[in-house]
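Chemist: My questions all concern the structure below.
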Amino acid sequence: MGRKAGTKKRRAGRIGKTKLKNRNYQFYKPPQINDKTVRELWNPRKSPAANMAVLGLQTAVNSSIDARAAMALKSAQEKDHSLYTKSNSKKAIELFDVPESDSMNGITMLPGKTFAQRKLPVSIEDQKYIRKCLVKHGDDYHAMMRDIKTNDMQYTESKLKKMAARFYLLAKDQVKVEVPEKVKHLMAFNQSEEMSK
């Protein structure tokens, strides 16, 4: 049995020509961190839990309700006491600001988006779709959801609400469809015109 396998290898020309593969990242690929602040503080030799503690982030946030997470947190605390003590108060690093409302003022331009997507917060197709639904049902989103003729994409009530809310926030130059009479009073640019009068 063993001799046959050896003959097979010899005939295939594999003996003495063993080439080792580059297996640097076969089992572990180091994290690709884009943020400069996190990249400076991240130590690939430490566990993710230890690195997050250095950044001021809490790991195993569900440990009070999840037994497995509680056990993992306890074992991490036993390994390195200095990172998890309450006296060691680290301040979380502020990486970005989260807007408090869905206001369209000061939209952040995301890289990689097409010009139309950057220019219009609601695409023309979505404007046509939500207009068709608003013409028939006004702001009754539950009826809008159940009507499969106008809501042919079968969006949920919450999805339709979000689409309509974004549509209402559009500026006058961003609206590419005719605004239905039923919801004209909800449009942001109409409200600002009424206030100025």
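Chemist: Could you order peptides 36-47, 149-160 by the average number of other Cβ atoms within 10 Å of their residues, highest first?
Modeler: Sorting 36-47, 149-160 by mean packing, highest first, produces 149-160, 36-47.
Chemist: Follow-up. Give, in nm to one decimal, the length gained when the segment between LYS128 and LYS172 is fully stretched (0.36 nm per residue of separation minus the Cα-Cα distance).
Modeler: Working it through step by step, the gained length comes to 14.3 nm.
Chemist: For the pair ALA67 and LYS184, how long in nm is the line joining their label points, each one 7 Å along Cα→Cβ?
Modeler: About 6.4 nm, to one decimal.
Chemist: Taking the Cβ of ASN151 as the centre, find all other residues whose Cβ is under 11 Å away and add up their charges (Lys, Arg: +1; Asp, Glu: -1).
Modeler: Charge balance near ASN151 sits at +2.
Chemist: Taking a 30 Å limit on the Cα-Cα distance, which of the listed pairs LYS159/LYS182; LYS29/LYS159; LYS36/LYS162; LYS159/LYS184; LYS136/LYS176; LYS29/LYS162 fall beyond it?
Modeler: With Cα atoms farther than 30 Å apart: LYS29/LYS159; LYS36/LYS162; LYS29/LYS162.
Chemist: Can you work out the FRET efficiency for the pair LYS149 and THR37, with r the C-beta to C-beta distance and R0 = 35 Å, to the nearest 0.05?
Modeler: Efficiency at R0 = 35 Å is approximately 0.10.
Chemist: Output the peptides 48-60, 173-185 sorted from most to least packed, where packing is the average of other Cβ atoms within 10 Å over each peptide's residues.
Modeler: Per-residue mean Cβ counts within 10 Å order the peptides as 48-60, 173-185.
Where a number appears in this text, it was derived from the coordinates with a stated rule and is not lab data. Owing to the predicted nature of the structure, the values given are computational and were not obtained by experimental measurement. A quick note on method: Cβ atoms are made from the backbone with ideal geometry, for glycine too, and the neighbour counts reach across all protein chains shown.
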